[in-house]
Amino acid sequence: MAKILLVEDHPALVALRKKVLQQYGHKVSCAKDALHACRLLKSRHYDLVITDKILSKGTGIEVAQLAHELRIPVVLSSGWPAGKATHLFTHILPKPCTLRKFLGVIHATLESSGI
C-alpha cells in the first residue's frame, strides 16, 4: 500500500483514478491545483506523486520540482510533453490512456522505488 498524491484538475478523472487506486489498497490524497499540491507535499509524506502538467495556480513542473527535492517519484500524466523537465519524472504517461496502462505505470514506478 502506497500513499499517493494525485494532482489533477478534471473532476471525473480524479474520481475514476482515485477509486481505482483505492481498490488496489493505496491511500490517495487529491489536489486540483499546483499550490494545493505543494502545500500537501510540504506537510505530509507521500510515496508517489501523479500530476498533470497544465494546472491552475502553477504547473505540474513546479509540483515535480518540489517532489524531486523531497526524493518522491513523480509520474507525469498529461496530454502535453514534459519538455526540458523530463528529468523530474520517473515515468511519463500520455493522456488519454487506458486504466490498464495507468495502473501498469503506477505499479512499475512503485516497484522500482521499493514500495
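Each value in this text was obtained by applying a stated rule to the coordinates, not by laboratory testing. Source: prediction; values computed, not measured. Reconstructed Cβ throughout: ideal geometry from the backbone, glycine too, with neighbour counts over all protein chains shown.
Summary table
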| read-out | value |
| --- | --- |
| Taking the convex hull of Cα positions in the chain, its mean projected area over all directions (nm²) | 6.1 nm² |
| Kirkwood Rh in Å, taken over the stretch 1-59 so that all alpha-carbon pairs contribute | 11.4 Å |
| Residue exposure sequence - Val74, Val63, Val14 - by fewest surrounding Cβ within 10 Å | Val14, Val74, Val63 |
| Anchor Lys27: aspartates and glutamates whose Cα lies under 15 Å away (excluding residues fewer than 8 positions away in-chain) | Asp47 |
| Sites His87 and Lys19, calculated FRET efficiency, Cβ-Cβ separation with R0 25 Å, nearest 0.05 | 0.20 |
| Members of Lys3/Lys32; Lys3/Lys53; Lys42/Lys101; Lys18/Lys42; Lys42/Lys95 lying beyond 19 Å, as alpha-carbon distances in this model show | Lys3/Lys53; Lys42/Lys101; Lys18/Lys42; Lys42/Lys95 |
| Neighbourhood net charge (15 Å Cβ-Cβ; Lys/Arg +1, Asp/Glu -1) for Cys97 | +3 |
| Contact order relative to length of the stretch 52-115, as percent, for alpha carbon pairs under 8 angstrom and 6 or more apart | 27 percent |
| Antiparallel %, DSSP beta bridges [both residues in the chain], to 5 | 5 percent |
